[in-house]
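The values are calculated or read from the model by the stated rules, or taken from the named source; none is laboratory data. Everything numeric in this text was worked out from a predicted model, so none of it was measured. For neighbour counting, all protein chains shown are included, and Cβ atoms are generated from backbone atoms with ideal geometry for every residue, glycine included.
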Amino acid sequence: MAQVSGRQVFAERTAVLLITIVMLLPVVWLITTAYKPSNQIFSIPPRLDFQPTLDQFRNIFGYFDVVSLLRSSVAISAGTTVLSLLLGVPCGYALARSRSRYATGFAYFFLAIRMVPAIASLIPFYLMMRDIGLLGSWWAVVIINTMLNCAFVTWMMFSYFRALPRDMEEAALTDGCTQLGAFFKVAVPAARSGIIACVLFCVMFSWNDFLYPMFLTTLDSKPLSVALLTAYGTKDITWGSLGALAHFSTIPIVLMALFLNRYFVQGATNGVQ
Amino acid sequence: MSQTSSTGVQPRTQTPRLGWLSRPRSFTDSRRFFLFFMAAPAVLYVLIVGVWPLAQGFWYSFFRYNLIRPARTKFIGLDNYIAIFEDRGARQAILNTFQFTLTSVSLQLFFGFCLAMLLWRDSRFNRIALAFLLIPATITPLVVGLIYKALLGADYGLIGYYLANAGIGPRTGLLTDSGTALWVLILIDCWEWTPLMALILLAGLKSLPADVLEAGRADGATAWQRFTLIVLPLMLPSIFLALVLRTMDAFRVFDSVFVTTGGGPNDATNTLMVLAVKEGLQFFNIGYASAIGNITILFIACMAAVLLLVVRRADVRINGK
């Protein structure tokens, strides 16, 4: 886009800035709620000014076993991410490099699996986990999350590897490199940024999800997201405490997405095409 | 497929190796073997953990099957499906889901396109703005629901209180009134996902051929003509992609509805997913819930097919091929 006036750029930027601020207001409100004293959260009329306090953070350690919640969230996200990548990256690579006419069909099969509503497979899966005794453990959540996420990773890496030239790997193979060697030493490093994007999305999906853990975990194994839902509705717990607890569930992911924004953009655009 | 070259008849083989692979193999043969084993684990995993439960769900949907009364399990054919269309609440849920999906995806497409046009110029400012704009999409959907529930409450909510006092909207709050609740959920969905829509469209805008845009400018086309005659037709694949993705996601909406209204008041915001979760995992009505899940899949598949068809048509009409 050539030759634009400074005035137009200024107008555009003002518009973008305004939109960004308006969009972020609810988030800012959530964060500030956590620093309000309880009596000011329930003031009539509601007010914006308040005396900042850390009481809410002290409260939530009394109401919740925050360490255990965090441990569950981390275990579920980490387990899901590692398993999804171990399964999905090789599969995406194989489908991208295969000359079989079924390869693209399989890639679309993985895409379709991602589009299936969670509930359709959750109910039979719930019964399956009950029968093999995994219901209530992190494993149940990890297993079903891995299914969805490895479908995502496969599709994403399929489109990523397909865009990478095969010459390098073929050269490595003719030079006497083993098949696995060519994959790990040539293909994987070349696809590094795609893999980072996959990690980002897997962590985000499994950290944010609450439908699966809500029905598949118990009191001891529930993650942060489920605690947030059950906490809401109990009468001792104010919006302030929820805001404080939401710090733990939202801020790690938001920071990750901000700092790895390049990969986030890649994942959201490249991964779906 | 070049199966014939891998039979070992041709001399183009590697030096024979010892062990179980000692039969001379062509390059492509061992490659194919390797790729097969790279793909197999993920395919098997998805078949066992993903497709098998779906097949079971399909099977269950023909039974009267309640976990609380397992002894009364009985094959009832299509009765579960008929029951969905005979039940007023379920019909309402289907209508709600469609209304939610169509309205919120159209709004997101419109605003997302505007936002993408604003962010088109590649500058540091725009990149940073986009990073911040994407925050709603990365926040736990559950927390999004909680935020709006708190903000819109008529008693203590920052927005709800003043709206109720100014006499705008229902006195009990926007989320607890059956006339407005669904619209509020649509707006929440727009808040959450419009930036992501803009991001997908922006990637499309940035990949448009610069010389075509420049040619339009040089030929003296007005900004509006350039938009409708050049940008829009070229953007069709991106628009289609964004539409398919968001439509499928919106149709499966669960988190924000479940948290803010739980399907109420009076089923006014009940969606297919919320209904299925309630029936299946709270009332343990496995057969009926499975039928709802299958209907949802069917609807999603139909919508994807329709979108594909519409875009093909539009592509033929505009690009003439």
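Computed quantities for the displayed model
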item	result
Single condition A:SER193 does not satisfy, out of (1) more than 13 Å from chain B (Cβ to nearest Cβ); (2) under 24 Å from B:LEU44 (Cβ atoms); (3) not hydrophobic (A, V, I, L, M, F, W, C)	(2)
A:ALA257 vs. criteria at the interface with chain B (Cβ under 10 Å from one of its Cβ atoms), within 14 Å of the chain's Cα centre (by Cα) and among the hydrophobic types (A, V, I, L, M, F, W, C)	yes
Residue in region B:251-285 that is surrounded by the most Cβ atoms within 10 Å (Cβ to Cβ), counting only those that are at pLDDT below 90 and among the small types (Gly, Ala, Ser)	B:GLY280
Residue list for region B:137-163, filter: of a type outside the set (Phe, Trp, Tyr), part of a helix (DSSP H, G or I) and without any contact (Cβ under 8 Å) to a residue 60 or more places away in the chain	B:ALA137, B:THR138, B:VAL143, B:ILE147, B:ALA150, B:LEU151, B:LEU152, B:LEU158, B:ILE159, B:GLY160, B:LEU163
Test result for B:ALA289, over 30 Å from B:ASP177 (Cβ atoms), in contact with a Leu (Cβ under 8 Å, 6 or more places away or on another chain) and among the aliphatic types (A, V, I, L, M)	no
Checklist (1) within 11 Å of another protein chain (Cβ to nearest Cβ); (2) surrounded by fewer than 21 Cβ atoms within 10 Å (Cβ to Cβ); (3) among the aromatic types (Phe, Trp, Tyr) applied to A:PHE184, failing item	(1)
B:VAL310 vs. criteria on the phi < 0 side of the Ramachandran plot, assigned to a helix (DSSP H, G or I), surrounded by fewer than 19 Cβ atoms within 10 Å (Cβ to Cβ) and in contact with a Phe, Trp or Tyr (Cβ under 9 Å, 6 or more places away or on another chain)	yes
Hey, A:PRO90 in contact (Cβ under 8 Å) with a residue 12 or more places away in the chain and either outside the structural domain of A:VAL203 (by TED's automatic domain parsing) or in contact with a His (Cβ under 7 Å, 6 or more places away or on another chain) (or both) or not	no
Helices (runs of 4 or more DSSP H) (entirely within region B:31-136) containing at least 1 residues that are more than 22 Å from the chain's Cα centre (by Cα) and over 23 Å from A:ARG13 (Cβ atoms)	B:52-60, B:79-86, B:88-118
Any hit, region B:287-295, residues being closer than 16 Å to A:VAL226 by Cα, buried (at least 24 other Cβ atoms within 10 Å of the Cβ) and in contact with a helix residue (DSSP H, G or I) (Cβ under 6 Å, 6 or more places away or on another chain)	no
Failed criterion for A:ALA15 (all others in (1) among the hydrophobic types (A, V, I, L, M, F, W, C); (2) at pLDDT below 80; (3) part of a helix (DSSP H, G or I) hold)	(2)
Given (1) within 11 Å of another protein chain (Cβ to nearest Cβ); (2) of a type outside the set (A, V, I, L, M, F, W, C); (3) on the phi > 0 side of the Ramachandran plot, index of the condition B:ASP267 fails	(1)
Members of region B:277-315 found to be more than 10 Å from chain A (Cβ to nearest Cβ) and touching an Asp or Glu at 6+ places or on another chain (Cβ under 6 Å), listed by number	B:TYR288
Residue satisfying condition, being surrounded by 19 or more Cβ atoms within 10 Å (Cβ to Cβ) and either in contact (Cβ under 8 Å) with a residue 24 or more places away in the chain or among the acidic types (Asp, Glu) (or both), within set A:SER193, A:SER249	A:SER249
Identity of the residue in region B:9-51, among the β-branched types (Val, Ile, Thr) and at pLDDT 85 or above, that ends up farthest from A:PRO124 (Cα to Cα)	B:VAL43
Residues located in region B:260-295, provided they are hydroxyl-bearing (Ser, Thr, Tyr) and either closer than 26 Å to B:ARG69 by Cα or part of a loop (DSSP other than H, G, I, E, B) (or both)	B:THR261, B:THR269, B:THR271, B:TYR288, B:SER290
Residue match in region A:216-230 (condition: surrounded by fewer than 19 Cβ atoms within 10 Å (Cβ to Cβ), away from chain B (no Cβ under 12 Å) and touching a residue at least 24 places away in the same chain (Cβ under 8 Å))	yes
Selection within region A:96-117 - in contact with a Lys or Arg (Cβ under 7 Å, 6 or more places away or on another chain) and either small (Gly, Ala, Ser) or surrounded by fewer than 20 Cβ atoms within 10 Å (Cβ to Cβ) (or both)	A:ALA96
Tally of residues being more than 11 Å from every other protein chain (Cβ to nearest Cβ) and surrounded by fewer than 17 Cβ atoms within 10 Å (Cβ to Cβ) across region B:108-123	1
Residues of region B:34-53 satisfying the condition of being surrounded by fewer than 19 Cβ atoms within 10 Å (Cβ to Cβ) and over 22 Å from A:ALA103 (Cβ atoms)	B:TRP52
Filtered residues of region B:164-190 (kept if buried (at least 18 other Cβ atoms within 10 Å of the Cβ) and assigned to a helix (DSSP H, G or I))	B:ALA164, B:LEU174, B:LEU175, B:THR176, B:ALA181, B:LEU182, B:VAL184, B:LEU185, B:ILE186, B:ILE188, B:ASP189, B:CYS190
Count of region B:241-250 residues which are modelled with pLDDT under 85 and within 29 Å of B:PRO170 (Cα to Cα)	0
Condition check for B:ALA242: surrounded by 23 or more Cβ atoms within 10 Å (Cβ to Cβ), among the small types (Gly, Ala, Ser), in contact with a Pro (Cβ under 9 Å, 6 or more places away or on another chain) and closer than 21 Å to B:PRO141 by Cα	no
Residue within region A:38-54 that is under 12 Å from A:LEU245 (Cβ atoms) and either at pLDDT 80 or above or not aliphatic (A, V, I, L, M) (or both) present	no
Which listed residue is closer than 15 Å to B:LEU95 by Cα and out of contact with any strand residue (DSSP E or B) (no Cβ under 8 Å at 6 or more places or on another chain), from B:THR271, B:THR260	B:THR271
